[in-house]
Amino acid sequence: MKILVTGGTGYIGSHTCVELIQAGHEVVIVDNLYNSSIDVLDKIEAICGVRPSFYEVDILDKEGLEKVFEENDFEAVIHFAGYKAVGESVAIPLTYYENNIAGSINLYQLMKKYEVRNLVFSSSATVYGDDFEVPFKEEYGLGTTTNPYGTTKKMNEMIITDMNLADKNNSAVLLRYFNPIGAHHSGLIGEIPNGIPNNLVPYIAQVASGQRDYLRVWGNDYDTVDGTGVRDYIHVVDLAKAHVKAIEYAASHKGTEVINIGTGRGYSVLEVLHAYEKACGQEIPYQIMDRRPGDIAVCYADTKKAEELLNFKAVYDIDRMCEDSYRFTCNLQKDR
Ligand code: NAD
Ligand code: UFG
């Protein structure tokens, strides 16, 4: 299939492009390089021997985006492009709504105009909010989101669902990611945090590589195995492979499906820290702090639907996630 990948030079997008190319698909990337670098194209080419087509276009620029549709006959779209920092979305909500909602509507309107009927959208476990019991099941529906970023994911899910109710020939898979971490085993692509990382593993990676002194553990008084927060971490390469299955599913079915992508198993902050210590061969200092506002205690996926509909099951374990993250972090430092 010829697939448009918005946000394809980003963290999850770049890994997905690799898996799509390796599965025999043709990839065309649209990205404005707001949070990624053009060098990623060289890295994708180095890994799979094929360089994806690339347009430096902002999805808010509808005319620019339309040119991409005019020049290509797409069968499907995987839509990653968007802003993703929870805290920033609280500070500048309109910017988040503009980029993640207005930008997405431009894309969906062009898909309608050019009759591109198959879509995979990057949603998030954050749409469950704090309303439901773990494991989170797709049938719970949408919970109460606690920040504008989460609300943009929820609104996109609603927009796509309505769009496909109005046009029964459309097809969409809304993937609710849990916590993607790790990097490609080549060490060539991975997550490059912008400023001080908010997320756990990018922060641990910087402590392990000497860029920060210690990890701040946000609370150890939750009702969990050791009191620290529990999340369902999934290797980004597993997540990327799930996209290949999801877009192939979308191309052969109609309607809208919401599907969790996680491992179905949670790890606490300290369990992740210890796995990372094993991966980097050194102790990682940490301090227990107060809880971070907005955090929930435990979050992990019910993965049955992904297994049944997509025949998808994550294979990489937490040790491998940490090893691949550490390799990429060391390479990044060497390059600087
Ligand atoms: P990322 O920032 O690495 O990638 C997003 C890409 O989109 C970047 O390359 C950025 O330059 C591009 N982009 C942003 N706005 C754009 C615009 N207006 N026009 C064109 N390109 C634009 O993020 P990621 O971690 O790869 O996340 C990909 C998607 O998955 C996002 O929608 C994110 O919200 C979602 N998601 C991520 C996580 C996570 O933990 N990383 C979890 C759940 C959902
Ligand atoms: N944590 C720390 N110290 C840190 C960073 C995180 O102790 O420096 C803890 C958090 O308190 C939490 C766990 O590590 O218990 C994971 O935190 P992350 O920030 O890595 O991930 P979250 O689960 O909070 O958030 C992620 C994504 C969001 C998404 C959400 C739900 O970053 O975009 O999952 O899917 F909305």
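The values are calculated or read from the model by the stated rules, or taken from the named source; none is laboratory data. Just so you know, these numbers come straight off a predicted model, no measurement behind them. Don't worry about glycine lacking a Cβ; one is built from the backbone with ideal geometry, like all the others, and counts go over all protein chains shown.
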*Sort out which residues of segment 51-66 are among the acidic types (Asp, Glu) and assigned to a helix (DSSP H, G or I), and write them in order of number.*
Glu63, Glu66
*asked:* For segment 232-259, which positions are buried (at least 20 other Cβ atoms within 10 Å of the Cβ), in a helix (DSSP H, G or I) and among the hydrophobic types (A, V, I, L, M, F, W, C)?
replied: Val236, Val237, Leu239, Ala240, Ala242, Val244, Ala246, Ile247, Ala250
*Can you find even one residue in segment 119-138 that is touching a helix residue (DSSP H, G or I) at 6+ places or on another chain (Cβ under 8 Å), closer than 28 Å to Phe69 by Cα, within 11 Å of ligand 2 (Cβ to nearest atom) and without any contact (Cβ under 8 Å) to a residue 60 or more places away in the chain?*
yes
*asked:* Take the residues in segment 260-294 that are within 28 Å of Thr161 (Cα to Cα) and within 14 Å of ligand 2 (Cβ to nearest atom); name whichever of them is surrounded by the fewest Cβ atoms within 10 Å (Cβ to Cβ).
replied: Gly294
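The rows are residues; the columns are (1) over 24 Å from Ser123 (Cβ atoms); (2) within 15 Å of ligand 1 (Cβ to nearest atom); (3) buried (at least 24 other Cβ atoms within 10 Å of the Cβ).
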| position | (1), (2), (3) |
| --- | --- |
| Phe178 | no, yes, yes |
| Gly182 | no, yes, yes |
| Ser186 | yes, no, no |
| Pro193 | no, yes, no |
| Asn199 | no, yes, no |
| Pro202 | no, yes, no |
_I need the full set of residues from segment 143-169 which are touching a Gly at 6+ places or on another chain (Cβ under 8 Å) and of a type outside the set (D, E, K, R), in order please._
Gly143, Thr144, Thr145, Thr146, Asn147, Gly150, Thr152, Asn164
*Among all residue pairs at least 6 apart or on different chains, which show Cβ distances below 8 Å where the first residue, located in segment 282-309, is in a loop (DSSP other than H, G, I, E, B) and the second is within 10 Å of ligand 2 (Cβ to nearest atom) and among the basic types (Lys, Arg)?*
Tyr300/Arg231
*asked:* If I ask for residues that are part of a helix (DSSP H, G or I), surrounded by 15 or more Cβ atoms within 10 Å (Cβ to Cβ) and either within 16 Å of ligand 2 (Cβ to nearest atom) or touching a residue at least 60 places away in the same chain (Cβ under 8 Å) (or both), which ones from segment 18-50 would you list?
replied: Val18, Glu19, Leu20, Val40, Lys43, Ile44, Ile47
*So which residues in segment 109-124 are within 12 Å of Ser171 (Cα to Cα) and either buried (at least 20 other Cβ atoms within 10 Å of the Cβ) or within 11 Å of ligand 1 (Cβ to nearest atom) (or both), if there are any at all?*
Met111, Val116, Arg117, Asn118, Leu119, Val120, Phe121
*Among the numbered criteria (1) in a helix (DSSP H, G or I); (2) crowded, with 22+ Cβ neighbours inside 10 Å; (3) within 16 Å of ligand 2 (Cβ to nearest atom), which single criterion is violated by Gly103?*
(3)
*May I ask you to say which residue of Glu63, Glu75, Glu56 is touching a strand residue (DSSP E or B) at 6+ places or on another chain (Cβ under 8 Å), within 30 Å of Lys154 (Cβ to Cβ) and surrounded by fewer than 16 Cβ atoms within 10 Å (Cβ to Cβ)?*
Glu56
*Take Val86 and decide whether it is more than 28 Å from Pro197 (Cβ to Cβ), of a type outside the set (S, T, N, Q) and either at pLDDT 95 or above or within 16 Å of ligand 2 (Cβ to nearest atom) (or both).*
no
*Exactly one of (1) more than 17 Å from Ile3 (Cα to Cα); (2) within 11 Å of ligand 2 (Cβ to nearest atom) is unmet by Ile159. Its number?*
(2)
*Can you tell which of Ala46, Ala81, Ala85, Ala91 is within 14 Å of ligand 1 (Cβ to nearest atom) and more than 20 Å from Ala250 (Cα to Cα)?*
Ala85
*Might you let me know whether segment 251-270 holds any residue that is closer than 19 Å to Asn179 by Cα, among the β-branched types (Val, Ile, Thr), in contact (Cβ under 8 Å) with a residue 24 or more places away in the chain and away from ligand 1 (no atom under 16 Å from the Cβ)?*
no
